1. In square angstrom, what is the accessible area per residue of the chain with a 1.4 angstrom probe?
2. Relative contact order for the chain using alpha-carbon pairs under 8 Å, separation at least 6, rounded to a whole percent?
3. Would you list which aspartates and glutamates come within 17 Å of K356, measuring only between C-alpha atoms, while excluding same-chain residues fewer than 8 positions from it?
4. When the helix-only estimate is applied to the chain (DSSP H runs of n ≥ 4, each -39,500 (n - 2.57), divided by the residue count), what is the mean residue ellipticity at 222 nm, nearest 500 deg cm²/dmol?
5. Note the angle between two axes, namely the Cα long axis of helix 149-159 and the longest principal axis of the Cα atoms of the chain, as a number of degrees from 0 to 90, rounded to the nearest 10.
6. For segment 340-386, how big is the tail of P(r) above 13 Å, as a whole percent of Cα pairs?
7. Give the angle, between 0 and 90 degrees and rounded to the nearest 10, that separates the Cα long axis of helix 384-405 from the longest principal axis of the Cα atoms of the chain.
8. Quote to one decimal, in nm, the extra length available between Q140 and E429 on full extension: 0.36 nm per residue of separation minus the C-alpha distance between them.
Amino acid sequence: MAMMLQRKLLRRTFGEGKAILNFNSNPILSPCTSFSTVTSAAATQSHDAPRQLPPFDYQPKPYNGPSADQILEKRKKFLGPSLFYYYQKPLNIVEGKMQYLYDENGRRYLDAFAGIVTVSCGHCHPEVLNAITEQNKLLQHATTIYLHHAISDFAEALASKMPGNLKVVYFVNSGSEANELAMLMARLYSGNLGMISLRNAYHGGSSSTIGLTALNTWKYPIPEGEIHHVINPDPFRGVFGSDATRYAKDVQDHIEYGTSGKVAGLIAETIQGVGGAVELAPGYLKQVYDIVRKAGGVCIADEVQTGFGRTGSHYWGFETQGVIPDIVTMAKGIGNGLPLGAVVTTPEIAHVMAQKIQFNTFGGNPVCSAGGLAVLRVIDKEKRQAHCADVGSHLIGRLRSLQDKHDIIGDVRGRGLMVGVELVTDRKEKTPAKAETAILFEKMRELGVLLGKGGLHGNVFRIKPPMCFTKDDADYLVDALDYAMSEL
């Protein structure tokens, strides 16, 4: 059905020109319904094309490496078939600077997805690069069996950003690792096994965290352990709208009817990332944290995507809900592209880990610690949280004005520079506009804007750029989206 609809849209939008279609597996991140077109009709558009990308004083270095076609051929031969790529003709990205990326031909793109919400300070930020380079010259690796100031300094700086008694830091290498460790802590501390997560959540793809994830596109048919998925408090699509109390009652009912009455804990993103930038109903976590704690569990905040000021209004996403978790997990933006993650908890919970040997070979290595500390300093020095609030407010305002103009925009949501635009074919029924999203996704690339996709049906544009993204960048993005939508 989706293929037929795309072909109809191609004929309606571009005439009877040639179309190349690619239908792969995962609609959330893969180009399963993406396409590129080569038509004569496309050259005679009836709407004014958006202006050029904002000026940027940087000249990429000449690229003399293998072509995109050569890389793709080798990738298909030597890398796993589960890997996917964006766009019908995948981009060969060879250089990055702040909020921009460059392909093999030197073309500049506005990066509105930040390496899947990972580049916080900006691509190749000079202060982060310098910290990494200088540490590399001295010591790359020794592990925590020896002392080194970098890991201690970084842990101290990170703990200073946390509220309450969240003062003990464990360093790992990814968000999946962080969530896996947090789940282990919750089970050991509580003495219970059952974990609660939300439908539409993404908490990792490891054999343990895949159970916490609640999107079928990411889940293999393997045993998941004691995991319970409760109704998602989604104000746009949720069965109870924005009524946090009714969603919280579902959690209470689930504990009473679906468990022994005791649980190990709850894990939740404040704004679901892979699920399509879904912000939880206001007040939800405060009620649910109380319910979970009364059932003997601990509360885990997954800040892998929402942390470090990206939401603008707060440094941590959980603060938007007025709660203090027992455990906080983080990754992605913590390292600006370094393989770095962390778990922060209380001394009381951390104590349970001391009953056995808990060790991570690469967690908190000197290079990543130096880079992570530099990231924290840059975010403070450049006032990136306030910047996200300011630019994000401008961006969301412009997107909502665009929503008034284009019926295909069903919802504009998010905070700061963590924004989602959900596309629908029918606002009343909220039917996912899967084919149209694929068309617009390719068109935005042609216009020089690289977006992310999310949601179970891949019909949500994820706009989560590096935190140096400007109002001029926001204006170009919205103008390009307006132009692309006007061509549908």
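The values are calculated or read from the model by the stated rules, or taken from the named source; none is laboratory data. None of these values were measured; they are calculated from a predicted model. All Cβ positions, even for glycine, are placed from backbone atoms using ideal geometry, and neighbour counts span all protein chains on display. Accessible surface is based on the protein model in full, side chains and every heavy atom, while ligands, DNA and RNA are left aside. Shrake-Rupley method; radii C 1.70, N 1.55, O 1.52, S 1.80 Å.
1. On the way: 20910 Å² over 488 residues.
Ligands and nucleic acids excluded, the result is 43 Å² per residue.
2. On the way: 1025 pairs, mean separation 106.5, N = 488.
RCO, the chain: 22 percent.
3. Once the sequence-local aspartates and glutamates are set aside, what remains near K356 is E180, E348.
4. Numbers: 13 runs with 165 residues, N = 488.
Mean residue ellipticity, 222 nm, calculated: -10500 deg cm²/dmol.
5. That works out to roughly 80 degrees.
6. On the way: 750 of 1081 pairs.
Counting every Cα pair in segment 340-386, those more than 13 Å apart make up 69 percent.
7. 40
8. On the way: separation 289, 0.36 × 289 = 104.04 nm, distance 5.50 nm.
Fully extending the segment from Q140 to E429 adds 98.5 nm.
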